[in-house]
1. Kindly evaluate D:A17 against the criterion of being modelled with pLDDT of 90 or more, open to solvent by 40 Å² or more (accessible area, probe 1.4 Å) and outside any loop (DSSP other than H, G, I, E, B).
2. I'd like to know if the stretch C:127-149 contains one or more residues that are surrounded by 16 or more Cβ atoms within 10 Å (Cβ to Cβ), farther than 30 Å from C:L78 by Cα and either modelled with pLDDT of 80 or more or among the aromatic types (F, W, Y) (or both).
3. Would you say D:L5 is open to solvent by less than 40 Å² (accessible area, probe 1.4 Å) and within 15 Å of C:F57 (Cβ to Cβ)?
4. For the stretch C:39-62, which positions are over 21 Å from C:L105 (Cβ atoms) and either assigned to a helix (DSSP H, G or I) or more than 7 Å from every other protein chain (Cβ to nearest Cβ) (or both)?
5. Which residues, taken from the stretch B:117-171, are within 14 Å of chain C (Cβ to nearest Cβ) and of a type in the set (D, E)?
6. Here's a check for you: in the stretch C:100-126, which residue that is under 18 Å from A:G124 (Cα atoms), within 10 Å of chain A (Cβ to nearest Cβ) and not in a helix (DSSP H, G or I) is most open to solvent (accessible area, probe 1.4 Å)?
7. With respect to A:L188, is the statement that it is without any contact (Cβ under 8 Å) to a residue 40 or more places away in the chain and either buried (at least 17 other Cβ atoms within 10 Å of the Cβ) or outside any helix (DSSP H, G or I) (or both) true?
8. Please go through the stretch A:3-50 and give me each residue that is β-branched (V, I, T), surrounded by fewer than 18 Cβ atoms within 10 Å (Cβ to Cβ) and more than 10 Å from every other protein chain (Cβ to nearest Cβ), ordered by number.
Amino acid sequence: MTPFLALLTRDLRLSVREGGGAVLALGFFALVATLVPLGVGPDLNLLAKMGGGILWVGAALAALLSLDRLFQADYEDGSLDLIALSPLSLEGAAFAKIAAHWLSTGLPLTLLSPILSVFFGLSGSAVIALTMSLAIGTPAVSAVGAIGASLTLSLRRGGLILPLIVLPLLVPAVMFGAGMVLEAQTGLTNGAVGFLAAFSLAASLLSPFVAAQGVRLNLAG
Amino acid sequence: MIQSLTAEKLTVQRGSRRLVENLSFTVKAGQALSLEGANGAGKTSLLRLIAGLLPAGAGSVTLHEGDTEISEPEERGKYVGWLGHHDALKASFTVSEQLAFFSKLYGREGDEIALLGQVGLSRQAELPCRYLSAGQRRRLALARLLASRRPLWLLDEPFAALDTVGKALVARLIALHCGEGGLVIAATHESLGLSNETLRLGNAVLKL
Amino acid sequence: MFDWLFRYANPARFMGLSGALLPWLWSAALLTLATALYLGFSAPPDYQQGRTVLILFIHVPAAIMATNVYACMVVASLFSLINRHILADVAARTAAPLGAIFTLLALITGSLWGKPMWGTWWVWDGRLTSTLVQFFLYLGYIALWNAIEDETRAARICAVLALVGAVNIPIIKFSVDWWATLHQGESIMSGNLAGPFLVPFLVMMLFYMLLFVCLWLTRIRTLILERRLRSLMGAA
Amino acid sequence: MNFDLSPYGAFIWPAYAVSALLLGGLTLWAMARWRAVKAKLATLEKT
């Protein structure tokens, strides 16, 4: 097995075993999808209008929840030094970690979203648009989040600072993602898919390099 | 195989603090260098610098392998077997899973069972790391160091948390590694059990 | 007053007793399942719901177990806090995932019943909403258990959470009912199982209880053996 | 027994399928864990 796959599978295993990853994010996402209707009221027509945006914000927040530990856990227990000295470059390591985070968080969130959209009474086409937009857009959340995680990995309160620096960067993903749901509901197309896909692709390709630099700086500190 | 490591006019800097200045030394294949010094003297930082994790404030560290010279920090790291302060263990991984991951990460697989036997952890192979004692965790870290099969060992307090038997094991492993032509640089309060030569610089003491 | 209980709370004694009981309990579970399925599929269609009553046969027991298992968990947590008994710790811990599965089943089967009957997969009705919240309580409890490394400490801390949940569940139920009536007015839950439906339902209910007891005992036994295994492997 | 569930078969069968899957899976998982720990204990006590 290549070092890349070794790191990827280890991170996947960790996310399943240590309550840090997949399950917590899913629970958080589901709770957001439950609490909003409880606050707004059970009017399914109103909920359907807001559903896309709320579920997208919920998914982005849920994915960020486990992101602060992406590098931090390995930094604190010394694993990150060993990873840095391994045959795998830090860029490769960052990419493996981003991929593992998406597989353990973004993908399950995407798969859960059609079930949660039942709470908002979304129509069939809107559910498909939401699921598709999350499938396209959540890699961007993992990728941009990884940059934030690499910058805050040595901070004690990194978990609080991370959303503050990452969420502004995720504005395009949330806007175009929720936009795809709106397009499905109204029938008007503005090409949100294209923008979302471009943003997600660019983020996924560039962020390993930036994140690796962040890790390097923190290891040297 | 690496013939020698040369440090020339090194400045070890952590943040804006200068810990060591103008330090030069050479370690040849088969030699063990022990770094001594008070807490905060920069032993760990020097080890991190040699590993290429910390950039040098000034000067250079070069590995000589045949005719090639390796001085690029990230390139240097690929020759380093690292034993740090922390044991780098995940609570939910079993001992053998933990070792297997690092073997794969370092591109070397196969003899995990033998390595666990060598450090005296055969019985704990299927035990999750959360149930290990501090000494057992240290032994697992040693097995990982062996699994990396790197020529240049950088050891930060290799005797910490170990009992007498464990300390003897470390000394034996170091002697074995040197015997096979490896290089060892260790920050420690105790003797490595090899013939040492002392070299004083600043408030850090280097023994060769 | 619990002397009789503590005589069996010794792990070794518990292993012996539960080991002797389990084969009988499993057989009884299988027998009731077969009977319940036979009776259920033989029952005539309801004049209003048609054959969707078949869903209620498995939905209602799941929903009842969702709360009963929580009650079991709370009792175990009490023993865990007061008597600090290892068996109580393990019992509370193992009950949670089982309860979560029953709750999830109640939600899924309920939704599958609601679609043909109400025309929608989900409504923000009081009972549905509080069941959903209950599911999250189980998840939180499980997550907390897994997050704390030291087992004894995890048991005490999670016991407190379970008790807080026990106090809060009626309040949640009340608030959700109040909220749903405030917004919606129509309360929909026709659980009037009568005549030919009562017997298959009761047999199915018995099956669910037997299954829970079997799984619970098996899980407790597994965790006790895992502890023994770890000490044999030289855990510190 | 009567297996003609029309017109609600599309809801009743999935309900039973999901229940069978989750409860059956839970049972199999619990038994597998039990057997695994029993087997490990047996090999360890032998040595």
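1. Numbers: modelled with pLDDT of 90 or more: yes; open to solvent by 40 Å² or more (accessible area, probe 1.4 Å): yes; outside any loop (DSSP other than H, G, I, E, B): yes.
Yes.
2. Among the residues of the stretch C:127-149, not one is surrounded by 16 or more Cβ atoms within 10 Å (Cβ to Cβ), farther than 30 Å from C:L78 by Cα and either modelled with pLDDT of 80 or more or among the aromatic types (F, W, Y) (or both), which makes the answer no.
3. Details: open to solvent by less than 40 Å² (accessible area, probe 1.4 Å): yes; within 15 Å of C:F57 (Cβ to Cβ): yes.
So D:L5 fits the description; yes.
4. Across the stretch C:39-62, the qualifying residues are C:S42, C:P44, C:P45, C:D46, C:Y47, C:Q48.
5. B:E126, B:D163 - these are the residues of the stretch B:117-171 that are within 14 Å of chain C (Cβ to nearest Cβ) and of a type in the set (D, E).
6. That would be C:W121.
7. On the way: without any contact (Cβ under 8 Å) to a residue 40 or more places away in the chain: yes; either buried (at least 17 other Cβ atoms within 10 Å of the Cβ) or outside any helix (DSSP H, G or I) (or both): yes.
Against the criterion (without any contact (Cβ under 8 Å) to a residue 40 or more places away in the chain and either buried (at least 17 other Cβ atoms within 10 Å of the Cβ) or outside any helix (DSSP H, G or I) (or both)), A:L188 qualifies.
8. A:V32, the sole residue that qualifies.
The values are calculated or read from the model by the stated rules, or taken from the named source; none is laboratory data. Values in this document were obtained by computation on a predicted structure and should not be read as measured data. So basically every Cβ, Gly included, is an ideal-geometry build from the backbone, and we count neighbours across all protein chains shown. Heavy atoms of the whole protein, side chains included, go into the accessibility calculation; ligands, DNA and RNA do not. Shrake-Rupley method; radii C 1.70, N 1.55, O 1.52, S 1.80 Å.
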